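Values in this text are rule-based calculations from the coordinates and carry no lab data. Owing to the predicted nature of the structure, the values given are computational and were not obtained by experimental measurement. For neighbour counting, all protein chains shown are included, and Cβ atoms are generated from backbone atoms with ideal geometry for every residue, glycine included.
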Amino acid sequence: MELLAPAGSSRKLGYAYRYGADAAYMGLPGFSLRANAENIDDERAESPAQIRALKGDRKLYCALNIYFHNADLGALEASLERIAEYPFDAFIVSDIGVVSLLQRRFPDLPLHLSTQANCTNPEAARMYYRMGFSRIVPGRELSLSEIAAIKDRVPELELEVFVHGAVCIAYSGRCFLSKWAADRSANQGDCAHSCRWSYRLALEEEQRPGEYLPVETGETAGGGFTTLMSSKDICMIDHLADLRSAGVDSLKIEGRIKSLYYVAVVTRAYRYALDHPADRNPFRDDLFAVSHREYSTGFYFGREAFDQPALGSYRQTHLFLGSIEAPAQPECRTEQPAARCAPLQAAHEADQAERPGARGAETARWSTPLYVDVKNTIHSDRGFELLGPHEMATSVQPGEFRLLTLEGKPVERLVNQSAGHIQIDRVRRPRLHPAPGWLLRAVQPQ
């Protein structure tokens, strides 16, 4: 089965591939149901050549999955030549109004049907196959037995299903609540996630005016409010064999607006589960270290697991501190942290300590400075964990590292949304060799 990871930007794309994705999916500004994801943006130097270099021999799918109004169709048609410059392997589509447009301009590129199109039975699946779709993402309301029935009846059609991440409470994601509450259309990619808000609801029976029965599912920070419309997240890490038996071809992770830390560790856990189905998964616990709501198995084994709403907001045991990056090329230096411009290197020379010599043993003690793109403040007197694509989290304690500015000046902290360097004490941690693509995180006090 293919492992398909989210990529809201070129940096996340690099991490998705590095941490084990066979394929990734990205959106285009104005045409994607994740308008608030970074998406592809030429103004940030995310050129077709850069995307192609990151992609290599992996797959990349383009999400064109909004519901198109008249003006949107014209904008898409005007963008086709630019879209053609990117190395996309398929388009993810909800609105059949764009099918003929894409087929005329890209006759050799497959079409994938988005879950938003609400395909829930074999006859609909066969119709989409005849229209030219090579793959469908069935409605998320389907059970595994219903998915298996589609595969049995239309075996030539690939099936892609969501296995991890957030789920919309509305039927196949077709929601109007956000538009009503915040004038932001979910069907145009601008969902305000109104279903996640806390509400105070009450029932008043017609024959008993003025008598209100409160509707609550649990206390929130604001008192007796309910999260009745907030669904649990999906986690199918323990049921991949069931998905394979049902005929699923691609396992999809949700999360284009989530952090690259989320993309990396979730992808890594599912990669290991696919490659070592009989082994204990050393990365499974990391699924609980990313920000998430209560997990469930969605509708796959019946609706019972999905009937109860998520109580409370996100759970988070670890804080993402930053990532180790390759230094940027000189022509890419801007007022933004340089790491934001540089593609993630596919390979990196082993980090080696300087040998004792003219500079003395103190210099030889520290590793070569590692460039860090800081997400949240890193403190020299607080420990953190380092983890890589194939490495378990390793705790690093105060005194085993030091922080430096980009100019090499020692500092007590690197503040969030900045960049700096970190060095590892080679005497105390001789076998720790972090490299570009590694992540830093801190354990959150509970």
The set of residues whose placed amide H lies less than 5 Å from the amide H of ALA63, leaving out same-chain residues fewer than 5 positions away, is MET26, GLY27, LEU28, ILE92
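Which order do ARG104, ARG58 fall in if you start with the one that has the fewest other Cβ atoms within 10 Å? Walk me through the numbers before you get to the answer.
Values: ARG104 9, ARG58 16.
Fewest to most other Cβ atoms nearby, the residues stand as ARG104, ARG58.
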Gyration tensor (Cα only) of the stretch 380-446 to equivalent ellipsoid, semi-axes in Å sorted down, yields 18, 15, 13
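Taking neighbour Cβ counts within 10 Å as the exposure measure, how do ARG244, ARG11 sort from fewest upward? Write out the running numbers ahead of the final one.
Numbers: ARG244 14, ARG11 24.
Ranking ARG244, ARG11 by Cβ neighbours within 10 Å, fewest first, gives ARG244, ARG11.
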Sorted by chain and then number, the residues having a modelled amide H within less than 5 Å of the amide H of SER134, at least 5 places away or on another chain, are LEU111
Given pairs LYS12/LYS151; LYS59/LYS252; LYS12/LYS252; LYS232/LYS252; LYS12/LYS375 and cut-off 24 Å on Cα-Cα distance, the over-length ones are LYS12/LYS151
A correct Karplus calculation of ³J(HN,Hα) over the stretch 239-255, with 6.51 cos²θ - 1.76 cosθ + 1.60, θ = phi - 60°, whole Hz and x for Gly and Pro, returns 10, 5, 5, 5, 5, 4, 5, 7, x, 5, 9, 9, 9, 10, 9, 7, x
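If you rank TRP438, TRP366 by fewest surrounding Cβ atoms within 10 Å, what's the result? Kindly include the intermediate steps, with their values, before the conclusion.
Details: TRP438 22, TRP366 18.
So the residues, fewest neighbours to most, are TRP366, TRP438.
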Cα-only Rg/Rh for the stretch 234-305 with Kirkwood Rh rounds to 0.94
Karplus ³J(HN,Hα) for the stretch 55-60 (6.51 cos²θ - 1.76 cosθ + 1.60, θ = phi - 60°; Hz, whole; x = Gly/Pro) runs 5, x, 9, 7, 9, 9
The set of residues whose placed amide H lies less than 5 Å from the amide H of VAL411, leaving out same-chain residues fewer than 5 positions away, is LEU403, LEU404, THR405
